[in-house]
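Student: Pasting a structure below so you can have a look.
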Amino acid sequence: MAISKRKTAAKEYRESGLESTAEVEEKEAAYLSSILPKEISGEQLRSEVTGLYTKGKETGAFEPGDKSKIPTILAQIVESLEKEHGKGSIATGEVARILMPLIQPKAGKQCDRST
């Protein structure tokens, strides 16, 4: 967010004829880009969390329906995402918000117990 604000400010300064101020903003954006974790869009995060969870279920690493394993599954997915995108780049709460509907059946959905 800080990076995009700097880039927007640089563009506005440039459009106002303040070239030297625009250059300062661009240099600060470049510096921040070099030290901050990369931003990830909500849609990209949703796609990656869903993919990691699906892969974990298919390989047997995650046991669907076992609620006691939810913290472990969440930690493993966050760790995998941080390896890809950088430490501190992923909000655990956001991953949990995406993950929980995948793990837990929707409210009101009945299981077939006749078998």
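Student: Determine the dipole magnitude for the range 1-90: charges of +1 sit on the beta-carbon of Lys and Arg, -1 on that of Asp and Glu, nothing else is charged, the reference point is the Cα centre, and the result goes in debye to the nearest 20.
Tutor: 240 debye
Student: If you don't mind, there's one more thing I want to ask. Tell me the per residue accessible area of the chain using a 1.4 Å probe; a whole number in Å² is fine.
Tutor: That works out to 71 Å² per residue.
Student: If you line up the Cα atoms of the chain on their principal axes, what length do they span on each, largest first, in Å?
Tutor: So the three principal-axis extents are 74, 28, 19 Å.
Student: Mind checking which of A22, M100, L36 is farthest towards the positive end of the chain's charge dipole, using Cβ charges of +1 (Lys, Arg) and -1 (Asp, Glu) about the Cα centre?
Tutor: M100
Student: With viscosity set to 1.306 mPa s at 10 °C, what whole-number translational diffusion coefficient in µm²/s follows for the range 3-47 from Stokes-Einstein and a Kirkwood radius over Cα pairs?
Tutor: Roughly 139 µm²/s, to the nearest whole number.
Student: How large is the dipole of the range 38-78 about the Cα centre if only Lys and Arg carry +1 and Asp and Glu carry -1, each at its Cβ, rounded to the nearest 20 debye?
Tutor: For the range 38-78, the charge dipole is close to 80 debye.
Student: Tell me what the chain gives for mean residue ellipticity at 222 nm when only DSSP H runs of n ≥ 4 count, each as -39,500 (n - 2.57), the sum divided by the residue total, rounded to 500 deg cm²/dmol.
Tutor: Taken over the chain, the calculation gives -22000 deg cm²/dmol.
Student: What does the accessible area of R97 come to, in Å² to the nearest 10, when a probe of 1.4 Å is used?
Tutor: 130 Å²
Student: A further question follows. List the aspartates and glutamates whose alpha-carbon lies under 19 Å from that of K55, not counting same-chain residues fewer than 8 positions away?
Tutor: Candidates past the 8-residue exclusion: E43, E63, D66, E79, E82, E84.
Student: Something else about it: For the pair L102/K67, report the inter-label distance in nm, with labels modelled 7 Å from Cα in the Cβ direction.
Tutor: 2.0 nm
Student: Using a Cα-Cα cut-off of under 15 Å, which aspartates and glutamates could be cross-linked to K5, ignoring same-chain neighbours fewer than 8 residues away?
Tutor: E23, E25, E26, E28, E39
Student: Expressed as a whole percentage, what fraction of the accessible surface of the range 1-100 belongs to carbon and sulfur atoms when a 1.4 Å probe is rolled over the protein heavy atoms?
Tutor: On the range 1-100, the fraction of accessible area on carbon and sulfur atoms equals 53 percent.
Student: So how far, in whole Å, is the C-alpha centre of the range 15-48 from the one of the range 49-106?
Tutor: 28 Å
The values are calculated or read from the model by the stated rules, or taken from the named source; none is laboratory data. This structure is a prediction, so every number in the text was calculated from the model and none was measured. Cβ atoms come from the backbone with ideal geometry, glycine included; neighbour counts cover every protein chain shown. Just so you know, the surface numbers come from the protein's heavy atoms only, side chains and all, with ligands and any DNA or RNA stripped out. Shrake-Rupley method; radii C 1.70, N 1.55, O 1.52, S 1.80 Å.
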